[in-house]
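What follows is a short report on a single structure.
The values are calculated or read from the model by the stated rules, or taken from the named source; none is laboratory data. Given the structure is predicted, the values throughout are model-derived calculations rather than measurements. All Cβ positions, glycine included, derive from the backbone under ideal geometry; neighbour counts span all protein chains shown.
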Amino acid sequence: MNERAIVIRAAVLVITFILIVRLFAIQVVTDDYKLAAENNFRREIIQYPYRGLMYDRKGALITHNDPIYNLMVIPREVDLEDSTVVIDALSLAPGDYTERYASARRFSRSKPSIFERQISPTLFAQIQDELSRLEGYYFEARTYRAYDHNSFGNALGYVGEISGRALRRDTTNYYRQGDYVGISGIEQEYEQVLRGKRGVSIKMVNARGSVEGDFRGGEFDTVPVPGQDLQLTVDLELQRYAEVLMEGKVGSVVALDPSTGEVLVFHSSPNYDPSLLSGREFSDNFLQLQRDTLKPLFNRPIQARYPPGSMFKTLQALIAMQEGVLGPTEQIYSDLTLIGDLAPAGYYDVIKAIQKSSNNYFYKVYRRVIMQGDHPNAFVDSRIGLEKWKAYCHQFGLGVPLGIDLPNENSGNIPSVATYDKLYGANRWQFSNFYSVSIGQGEVQVTPLQMANLGAIMANRGFFYTPHFVRQIGNDSLVNYERRIVGVDSSYFNVVVDGMEQVVAAGSGRRGFMRDIAICGKTSTVENPPYPDHSGFMGFAPKEDPQISIAVYVENAGQGGRAAASVASLLIEKYVRGEVTRPWLEEYVFRGEFF
Amino acid sequence: MVRDRLENKYDWVVVAIYALLVLVGWVSIYAADYDPDVTGSIFNISQNSGKQLLFIASAGLLITGIYFIDAKLFDTFSWVFYAIFILLLIIVLLFGKEVAGSRSWFELGSFRLQPSEFTKFCTILALAKFLGPGRNLDDIKTLSLAAGIFLLPMGLILLQGDAGTALVFTSLIIVLYREGLSPLFIIAPLILLVIFLLTLLVNKTALISAVVILTLLGIGLSLRSIKQVGIIIGLAVLVIATVQSVDFVLSDVLKPHQQRRITLLVNPNVDPQGAGWNVMQSKIAIGSGGLTGKGFLNGTQTQFKFVPEQSTDFIFCTVGEEYGWLGTTAILALFAVLLLRVLMIADRQKSGFAKVYGYGVASILFFHFAINVSMTVGLFPVAGIPLPFLSYGGSSLWSFTIMLFVLLKFDANRAQILGRL
């Protein structure tokens, strides 16, 4: 054959071969184009689940979901001449439209982005018809939290769009941009059960972006699973009453059911309406709450640290008796020389000392606990004693977080060897350096929740259940919380409880006395120099069949027997009797003149 | 009796490949336009597949016609055909209908006809007529005449704005090569093309430095021959001029859409939503087919219309997506066999006219096939020329059918021609 004829044939074969190799490379070797094809025609439409509701212990609705709408945009399909319609409908500022459109376009030309978020149902009704006609826009229905009660935000927390940081930290890979997530409080703690499960429906779209049908007949579609409802332990009626009583005051009220650890009242004052943090105005409202000098966002019941004051004496007596350094009926003489005192000089036993709140008595008792003579050197002896004492405190849930089902619980402070080593140097301190701890001042700090729990321990005469907010998740009744024993004999508790009964019957707490409901409690007038004292009360009732334990702190309200004891007594009556029969006491609290 | 013998002399391998390609094309056109809500049967006349069936049927009529026409007619009247179509090209330039930026269509009722498609056939005939007796292509005058035969229609089509079709005529240089043209005429443009592409891909100063170094090296090695040094310096100047002209050609000579197509070839990821869309989607369609394809009517790229022009210039995507690498390779193999067969037929012709004609047919088919497929896989800029026998469209199917079957007619008649000599 002619040489040139061969060259031409060779050219045909070489080029065909090159094309076959090229096709092999893009069809068989790489998967890039298969993925690209899937990305082209698959569009995932997320179906958001219904977030679980919350009820109080009697079944009253606390929070529910309201519809809200996002306006979505698919830049590819948009006709820019429609922009004036959109600008008018949403009353956008000039320049806003261009900016949002450009940012959507940067994200993706063919995938939807949120153009305007959280449009209220009212506005939605007005603009729906007009905007739905336009190519490239559609509404996405979502729900946001709405509340049937305009307080209690400190416990409930709030729900908002997930932040970029939270998204990156989400190791479960569940969340996506635009998801709503519980950000604090119960909403955060029970996020997993409340959120439900997102559904997805995978559609096939054509090159124009319009839906052509279900991908593989809906084989990979998932139905959204609604979140589970929560029944809270809170008594909404009692909670409301606490809010009313605390109106205009700063402080906390925590009430527990001692027999279960269920939280009945959990009030931080001032509080805020949780609906402020739901929906469009979140940022503005949040900023405003954050700047408020009374710190409404500060969750006082678990975050505020107060010195316990005199209510701490009940604990000191229990520890001393259990350690065997104090007899239940032992008489100790108080001569008023050791520490400032409001109780008169004379002989005191446990009951009388608690009733009269004798500072000098508890100075001596605490010294016996700390300096038991285990070591001849007073400095070393104090170390040993302090360690023993601290272990009791931890058993009572002090100085450690109690483990309530809320985020950011503070553990308070129980001073330890390390505390004083740091303050004074190792072996350079002894009892006399921290005697004020004997009466609940000094380095010791507690949260109101811990004091309410101390009340529950008193009510139970020696044990408690971890305080918690949820009784029931979905249809499953919760929860067998473990009984936590504090390690002090119940016989010693009986002595202290008798003293606490006397406090209300014939002591500093008598303003809260009721003839038919035996309240056992202890008031605290917490020193807070240079500011006015805090008013505190810790207790439970009724004495023989405890139904409620309670701790009240009213900041800068003076004596514990006034503001705090009154508020506690009214709440106890309301809960135990079901009604309040002492309008004069209510009036006294409302008036708020405690000095 | 005579007819009987004629049938036996037809090359049935070519006929079979032709039929197979046309059939695959028809089915792929159906798939490319398939829409479960609208499309009915493949015979539906309101759809492209139904229309293509009409085109195929009329192609059958053309084949029958060619079968009965005396082959001498094409030989005798080749200049007349050529003249008529050159005239038509001029007329269409003046009165034609503009479709998608190029004025190359006659509108006859609802049908449109593209004379440039048939000009390919006539040009081959004319070239065959001219070169058939055997000419010396080293003679500048002869060469100019031969080149002029296809440069004239090429220029006219370029004026219509249909650069793709015009480019097809350059393939006829293969015919000239076969008839004795110096290979330099093929090698030199190829080298220039490579340099052109290199300029786009590589830093320009680096390229020029390389050329200068090579030139100095060349001069150093051939200092004894003044003539060689002259040639080397001349070549270097030419190369540097080409490099320097790239920007000018890109920005001033080519139209904007052509510029984009060329830059896209160099960097296919530029502007994937805009100008790169066709090539990107075409590659996605073919690439997502995998080894065995997604199956008939199951191509998502195809069905959801991600590839524009899919039933015409990008019909190969449908094959790639629905039948995979096995399908595309089969089609490429069919084309390769067809081309080799056509070349074989051309070489066994006794008359110079038929032989040159055969090479012309092979060149045109080869060019269409190679460029079209390269374009769909992103190896060549989007040129807008159909894949022979498969792409939707009457003009193109008819013109390729005529080209091929006239060759078969010549082949069947070669004994007679021999007899007459």
request  = Return a yes/no flag: does the stretch A:90-102 have any residue that is away from every other protein chain (no Cβ under 14 Å), in contact with a Leu (Cβ under 7 Å, 6 or more places away or on another chain) and part of a loop (DSSP other than H, G, I, E, B).
outcome  = no
ask   = Name the residues in the stretch B:375-401 that are within 15 Å of the chain's Cα centre (by Cα), in a helix (DSSP H, G or I) and either more than 14 Å from chain A (Cβ to nearest Cβ) or without any contact (Cβ under 8 Å) to a residue 24 or more places away in the chain (or both), would you?
value = B:395, B:396, B:397, B:398, B:399, B:400, B:401
task = Those residues that are more than 8 Å from chain A (Cβ to nearest Cβ) and without any contact (Cβ under 8 Å) to a residue 60 or more places away in the chain, I need them from the stretch B:281-306; list them, please.
result = B:292, B:293, B:294, B:295, B:298
query = Can you tell me which residues in the stretch B:126-146 are in a helix (DSSP H, G or I) and surrounded by fewer than 21 Cβ atoms within 10 Å (Cβ to Cβ)?
reply = B:130, B:140, B:141, B:142, B:143, B:144, B:145
request  = Please find, among B:229, B:212, B:253, B:246, the residue that is in contact (Cβ under 8 Å) with a residue 40 or more places away in the chain and not small (Gly, Ala, Ser).
outcome  = B:246
request  = Mind listing whichever residues of the stretch A:108-121 are under 29 Å from residue A:38 (Cα atoms) and in a strand (DSSP E or B)?
outcome  = A:113, A:114, A:115, A:116, A:117
inquiry  = Give me the strands (runs of 3 or more DSSP E) completely within the stretch A:122-230, filtered to those with at least 3 residues that are more than 26 Å from residue A:475 (Cβ to Cβ) and not hydroxyl-bearing (Ser, Thr, Tyr), ordered by residue number.
reply    = A:137-147, A:199-205, A:211-214
request  = Output the helices (runs of 4 or more DSSP H) that fall wholly within the stretch A:370-474 and possess 2 or more residues being more than 22 Å from residue A:500 (Cβ to Cβ) and at pLDDT 95 or above, or say none.
outcome  = A:378-395
task = Among the residues of the stretch B:119-167, count how many are among the polar types (S, T, N, Q), modelled with pLDDT of 90 or more and farther than 27 Å from residue B:258 by Cα.
result = 2
note = Of the listed residues (A:458, A:451), the one being of a type in the set (A, V, I, L, M) and within 20 Å of the chain's Cα centre (by Cα) is A:451
request  = Identify, from the list B:195, B:187, B:149, the residue that is over 15 Å from the mean Cα position of the chain (by Cα), among the β-branched types (Val, Ile, Thr), closer than 25 Å to residue B:256 by Cα and assigned to a helix (DSSP H, G or I).
outcome  = B:195
Test: residue in the stretch A:290-301 that is part of a helix (DSSP H, G or I), in contact with a Phe, Trp or Tyr (Cβ under 6 Å, 6 or more places away or on another chain) and within 30 Å of residue A:270 (Cβ to Cβ) = yes
task = Just give me the residues in the stretch B:152-184 being aliphatic (A, V, I, L, M), in a helix (DSSP H, G or I) and within 14 Å of chain A (Cβ to nearest Cβ), in sequence order.
result = B:172, B:173, B:174, B:175, B:176, B:184
Qualifying residues in the stretch B:329-374 (those that are at the interface with chain A (Cβ under 9 Å from one of its Cβ atoms) and hydroxyl-bearing (Ser, Thr, Tyr)) - the one farthest from residue B:414 (Cα to Cα) = B:374
key: the stretch B:307-321 - residue that is crowded, with 24+ Cβ neighbours inside 10 Å and touching a Phe, Trp or Tyr at 6+ places or on another chain (Cβ under 6 Å) and, of those, nearest to the other protein chains (Cβ to nearest Cβ)   = B:307
note = Per the filter on the stretch A:421-440, residues crowded, with 21+ Cβ neighbours inside 10 Å and of a type outside the set (A, V, I, L, M, F, W, C) are A:430, A:438, A:440
request  = Being free of Cβ contacts under 8 Å to residues at least 12 places away in the same chain and either surrounded by fewer than 19 Cβ atoms within 10 Å (Cβ to Cβ) or more than 13 Å from chain B (Cβ to nearest Cβ) (or both) is the filter here, so list the residues in the stretch A:37-77 that pass it.
outcome  = A:38, A:39
query = within 30 Å of residue A:463 (Cβ to Cβ), buried (at least 16 other Cβ atoms within 10 Å of the Cβ) and of a type outside the set (Ser, Thr, Tyr): does that describe residue A:232?
reply = yes
request  = Examine the stretch A:7-27 for a residue that is buried (at least 18 other Cβ atoms within 10 Å of the Cβ), more than 30 Å from residue A:194 (Cβ to Cβ), among the charged types (D, E, K, R) and within 14 Å of chain B (Cβ to nearest Cβ), and state whether such a residue exists.
outcome  = yes
query = Quick one: would you say residue A:253 is over 30 Å from residue A:120 (Cα atoms), under 18 Å from the mean Cα position of the chain (by Cα) and assigned to a loop (DSSP other than H, G, I, E, B)?
reply = no
ask   = Among the candidates A:190, A:175, A:137, which residue alone is of a type in the set (Phe, Trp, Tyr), over 13 Å from residue A:277 (Cβ atoms), under 17 Å from the mean Cα position of the chain (by Cα) and surrounded by 16 or more Cβ atoms within 10 Å (Cβ to Cβ)?
value = A:190
